[in-house]
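Right, one structure below, let's go through it.
No value in this document is a laboratory result; all are computed from the given coordinates. For clarity, every value in this text was computed on a predicted model and none was experimentally measured. Cβ placement follows ideal geometry from the backbone for every residue including glycine, while neighbour counts extend to all protein chains displayed.
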Amino acid sequence: MNFQAKSLIASAAVASTSLMAANDKPNVILIMTDDMGIECLQTYGGETYNTPNLNKLAEDGVKFGNCYSQSLCTPSRVKIMTGRYNFRNYTKFKVLDTKEVTFGHTAKAAGYKTCVVGKWQLDGEVTDDFAKVYGFDEYSLWYLNHKNFGSRFHNPVVVENGKKLTDTKGKYGPDIFSQYAIDFVKKNKDEKFFLYYPMVLPHFPFVPTPDCPEWKEGNHKANNRFFKPMVEYMDKMVGKLVEEVDKQGLADNTVIMFTSDNGTMRGLNSVRNGETIPGGKGYLKNIGNHVPFIARWKGKIKPGSTSDALIDFSDFFVSINDLIGGKNPTDRKIDGESFVPILLDPSKEVRKYTFSHYDPKWGTPEIGNFVRNKQYKFYGDGKLYDVINDEKEASEVNPEAIPALEMDLLNSTMKQMKAEGSNLKVKRKEYPEPNKSEKKSKKKDKKNKKSKK
Ligand SMILES: [Ca+2]
C-alpha cells in the first residue's frame, strides 16, 4: 500500500470518529447580544419586553437554562472565541491577544467562509491582516479600533473590510449589521459558512430605535425607558436573520445559536416570573452571568426541548469545532467541552461544573474566581453558596452540610485552577437593590393611570 492510500484510510478513520460526516457539516450562526441577562426574554419567564422571535426560536429548538458567561464584555468575548478560561489568555479590557486562536481561525481552516458583524471592541489595529490575525474573511464592525470609536446606533461609525462607511448619516447601526449578515448568508448559501454576530444591542446608551416615535421626531436623547424598544429591536433583528436562513432553504443545515455576553446593565429593572430583577452586569452573582442560550437546527434538534445541563462559555469554541470539523489547538490548554451531544439529545449532560476567573482590570463591583455546579457556587476565598435557594448569595453554606462528593469536586477543581494560575483576591458586594428611581416612576405611572381612569 502506498503512502497516499495509507493516509487516505487513516484520515477516513479519523473522520468517522468525529460526530459529523463531512457532507453533513452544517453552517453555524452564533448571535450574541450585548448586556442582556436571562430575565429579559419571555421564553425564560421575562415579563417586561416582547421577544416573539426568540420565543419562536426556542419553540423550534432547544432552550438551555444553565448557561453562564463572564460578567463583562471583553472577558466573555475572549472566552467564547477561544474556549479558554480568562487566567490563561485575558490580557486587558478591550483587547483580544493576537496570538490567540479563535473560532474564526478554526472555521476558516475547516474550509468555511467566515464573517463577523456587529461589535468588535477588541483592538483591531491590524486591519490589513484581519483574517489572518482574527480568523474572519470579512467584517462589518463598530469599534474596530480606537481610531474608529463613535456612535453604534444613530449616525454610526462602521468599518467594513478596511473601509470606513461614509454614508451612515441618519442610519441605525443595528440595521447596517443586520443587512450585512443577511447578505453574507445569501452570498454563501452554496458554501459552508460561519457567521459570528455579536450585536451592539441592547447596550447603553439607551436611545430611540427607528421604531420609536422619537426617532422620527429627530430626538435621540438617552433615557433608560429606551432599553425596552432596544431589546425588542434586537429580537426583530434575530427574526429577520432567521427568516433569511429559512428563505434560502438553509434551515436543515444551519445551526443557529443565540446567547448574551453578560447580565443586564446595572440600574435597570426587569420582571421575571413575577420578581423584579435588578440589572447585574459586572457582578459575579447570577445577575451578572446567567445568560440565555437557545439553539435551533431543524431536523436535528427536537423542537421545543429544554436542557438544564451546565454550559460554560468556553464550550462554544469546542462545540463549533465539533460541528464543523474544526481542530482544537493542541499547543495550549483548551477548557471547553462540546455540547453537541446535548443538541442531539437534550437529556444528556457533558460537564459537572463551570468555572469563572473574573478580573476584567476595569471598574466592576465584584472580582473573583468560582467553580459552580447547578446548586452550589464555591469561591476562591472558600465561601460557598446555594444559588438555587439563595440566588442573592446572602448566607454562606457550611461545606460539611452538602454532599461530600459534590464538595470534593468543587474543592479539587478550585485547587486545580489555582495551581494552573487562577489566583485572585475575591471582592464581593451586597446584592443590589432594584433601582428605586424606576420603582418610583412605576408608582407615578400607576398614579397617572388611576387618575386618567
Ligand atoms: Ca457586554
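Restricting to Cα atoms and excluding each atom paired with itself, what does the Kirkwood estimate give for region 119-272 in Å? Don't jump to the answer; show the numbers that get you there.
On the way: mean 1/r = 0.0597 Å⁻¹.
In region 119-272 this quantity evaluates to 16.8 Å.
Counting alpha carbon pairs within less than 8 Å and at least 6 residues apart, what relative contact order, in whole percent, applies to the chain? Intermediate results must be reported in sequence, preceding the final value.
Working: 978 pairs, mean separation 102.2, N = 453.
Here the relative contact order equals 23 percent.
At most 14 other Cβ atoms within 10 Å and a DSSP loop assignment: could you name the chymotrypsin sites (Phe, Trp or Tyr not before Pro) in region 313-404 that fit? Could the numbers behind the result be given before it?
Working: sites: F313, F316, F317, F339, Y353, F355, Y358, W362, F370, Y376, F378, Y379, Y385; in loops: F313, F339, Y353, W362.
Filter output for region 313-404: W362.
When a/c reaches 1.5 or more, the comparison of a/b and b/c decides; with that in mind, is region 26-358 rounded, prolate or oblate per its Cα gyration tensor?
Details: a/c = 1.28, a/b = 1.09, b/c = 1.17.
Taking the square roots of the gyration eigenvalues as a ≥ b ≥ c, region 26-358 is rounded.
Kindly rank 59-65, 413-419 from highest to lowest mean number of other beta carbons found within 10 Å of each residue.
Values: 59-65: 21.1, 413-419: 15.1.
Averaged packing, sorted descending, gives the order 59-65, 413-419.
When the Kirkwood radius is taken over all Cα pairs of region 368-426, what Stokes-Einstein diffusion coefficient follows at 10 °C and 1.306 mPa s, in µm²/s?
Values: Rh = 11.6 Å.
Translational diffusion coefficient: 137 µm²/s.
I want the local charge near F317. Using Cβ-Cβ distances under 11 Å, sum +1 for each Lys or Arg and -1 for each Asp or Glu among the other residues. Show your work: numbers first, answer last.
On the way: positive: K79, R84; negative: E100, D312, D315, D322, D335, E337.
Counting the neighbours of F317, the net charge comes to -4.
Whole Å is fine, so just give me how far the alpha carbon centre of region 189-203 lies from that of region 293-311.
19 Å
Around I342, with a cut-off of 9 angstrom between Cβ atoms, what is the net charge of the other residues, counting Lys and Arg +1 and Asp and Glu -1? Walk me through the intermediate numbers first.
Values: positive: K348; negative: D345, E349.
After counting each charged neighbour, the total is -1.
Can you compute the helix-only [θ] at 222 nm over the chain? Use -39500 (n - 2.57) per DSSP H run of at least 4 residues, normalise by all residues, nearest 500 deg cm²/dmol. Walk me through the numbers before you get to the answer.
Values: 14 runs with 143 residues, N = 453.
So the calculated ellipticity at 222 nm is -9500 deg cm²/dmol.
Only Cα pairs under 8 Å and at least 6 apart count here; give the relative contact order of region 368-426 as a rounded whole percent.
Numbers: 65 pairs, mean separation 22.1, N = 59.
Relative contact order comes out at 37 percent.
Please report how far the C-alpha centroid of region 68-126 lies from that of region 24-66, rounded to the nearest whole angstrom.
Cα centres, region 68-126 to region 24-66: 22 Å.
In whole angstrom, note down how far apart the Cα centers of region 336-375 and region 413-436 are.
Here the answer is 13 Å between Cα centres.
Would you please name the GluC sites (Glu not before Pro) within region 330-410 that are DSSP coil residues with at most 13 other C-beta atoms within 10 Å of their C-beta?
Sites meeting the loop and neighbour criteria: E396.
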